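Chemist: First the structure, then my questions, so here it is.
Rule-based calculations on the coordinates, nothing more; no lab input. The model shown is predicted, which means the values in this text are computed figures rather than measured ones. With ideal geometry, Cβ positions are generated from the backbone for all residues, glycine too; neighbour counts draw on all protein chains shown.
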Amino acid sequence: MKMKRPFEQAVQRHGETVLRVCRAVLGPGADADDAWSETFLAALTSWPNLPDDTNVQAWLVRVAHRKAIDITRMRARHAIPTEDLPERPSTLGNPHADENGVWAAVAALPERQRLAVAYHYFGGLPHAETAEIIGGSTDAVRRAAADGIRSLRRTYSADEPYSADEPDPADERREGASR
Amino acid sequence: MIDITTFDVAPFTIEADAISDLHARLAARAEDRGVLDIAYRTIESPVGPLLLAATEKGLVRVAFEREDFDAVLQALATKVSPRVLEAPRRLDVVATELDEYFAGTRRAFDVRLDYALSSGFRETVQRYLPRIGFGHTQSYRDVAEFVGNPKAVRAVGTACATNPLPIVVPCHRVLRTDGSLGGYLGGLDAKTTLLTLENAA
């Protein structure tokens, strides 16, 4: 059976997830927005031919991965040194709205950790699938994701001290709030 | 080991307008690329919220809220195409014309119609209905005669009840022979509102 659900549902349900993945992979800015647009445009185009039992989120995240690679390559090809930086309007609204600095913290992670976090924690792909698309062993990807998350938690939970043996960030924040 | 189910992405905020901006950009690009099979939007009206949907050929669906917009979109996805996106621009003209109609300044609609959801005798009847002018009414029996099938009074009733383009294709102008309202997919209150609007104008 082919896909018969309205595509709008996919945008509503997975739009934020895909944008988180794009931002984690490419940084919060125009490149992430372009990757999001290319992902959903490609998805809309092939939507009627998709088997209806497809895991739509995982499928979109894999498309986003390919679009992010395209954009990275294109940026590398067109990166010509120039004295005049083109003014590029931000489509993000106010970039300074990232008050917690969480996207900056993601951008600051070493690449392997950043990608492992992007596809596993933001995109919901299992470690094994993340390893398939970014290379390396499942165990290495699992370790990179865990290291990345530990580093992120240090940043975005900075105001909320927690002990290392509390495994759940959500619990930490609840405790932090009640202190 | 941190399990995925316990990782909370909430701190990784997406600004409220980020997705709506990207969505609008997607709709415009999909239209340019020719892959926006069905564009839709909702509008407010004196007969409640209306869903408007158009293919590249023309207006394909007008729906009342009581029909359940999610169900209406699902039916469009199944019967016409699942490439469905909320994309108001394609519906701008018909939305304006509906505003004018409800304001009493428009008596006929001038938009292309796509009868993709109609077929057979129902389509014959639905294509005939726009010939019943603003402020006029006909009986189910009259319509059956005009479309050349005088015995098909009940089938005319079914054609009106399944009209995919209510208001624009004026099935509300068809009444029982005794002048009583008959039925209406938007509810009898909506039918009365439309007939009153047309008689007052």
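Chemist: Within 10 Å of each Cβ of B:73-82, how many other protein chain Cβ atoms are there on average?
Modeler: Details: counts 5, 4, 1, 1, 9, 3, 1, 0, 5, 14.
Counting Cβ atoms of other protein chains within 10 Å of each residue's Cβ and averaging gives 4.
Chemist: Continuing with the same structure: Name every cysteine in the protein assembly as shown that ends up alone, with no second cysteine's Cβ under 4.7 Å, or say none.
Modeler: Unpaired cysteines in the protein assembly as shown: A:Cys22.
Chemist: Provide the per-residue ³J(HN,Hα) series for segment A:114-120, in order, calculated from phi with Karplus coefficients 6.51, -1.76, 1.60 and θ = phi - 60°, each as a whole number of Hz, with x at glycine and proline positions.
Modeler: Calculated HN-Hα couplings, in order: 4, 5, 4, 5, 4, 7, 8 Hz.
Chemist: Right, next: About its Cα centre, what dipole magnitude does chain B give when the only charges are +1 on Lys and Arg Cβ and -1 on Asp and Glu Cβ, stated in debye to the nearest 20? Please report the intermediate quantities before stating the final value.
Modeler: Numbers: 23 positive and 27 negative charges, 238 e Å.
For chain B, the charge dipole is close to 1140 debye.
Chemist: Ranked from highest to lowest mean number of other Cβ atoms within 10 Å per residue, what is the order of the peptides B:55-64, B:148-157? Walk me through the numbers before you get to the answer.
Modeler: Details: B:55-64: 20.1, B:148-157: 15.8.
The packing order, highest mean first, is B:55-64, B:148-157.
Chemist: In Å and on Cα atoms, what radius of gyration and Dmax does segment B:35-134 show?
Modeler: 13.5, 36
Chemist: For peptide A:36-47, how many partner chain Cβ atoms fall within 10 Å of a residue's Cβ, on average?
Modeler: Average per residue, whole number: 5.
Chemist: I would also like to ask the following. Under 8 Å for C-alpha pairs, at least 6 residues apart: give me the relative contact order for chain B, rounded to a whole percent. Spell out each step's value before the answer.
Modeler: Details: 262 pairs, mean separation 36.7, N = 201.
Averaging sequence separation for qualifying contacts and normalising by length gives 18 percent for chain B.
Chemist: Separate question: Student exercise: in the protein assembly as shown, how many lysine pairs 8 or more apart or on different chains have Cα atoms under 28 Å apart?
Modeler: Pairs that pass both the separation and distance tests number 10.
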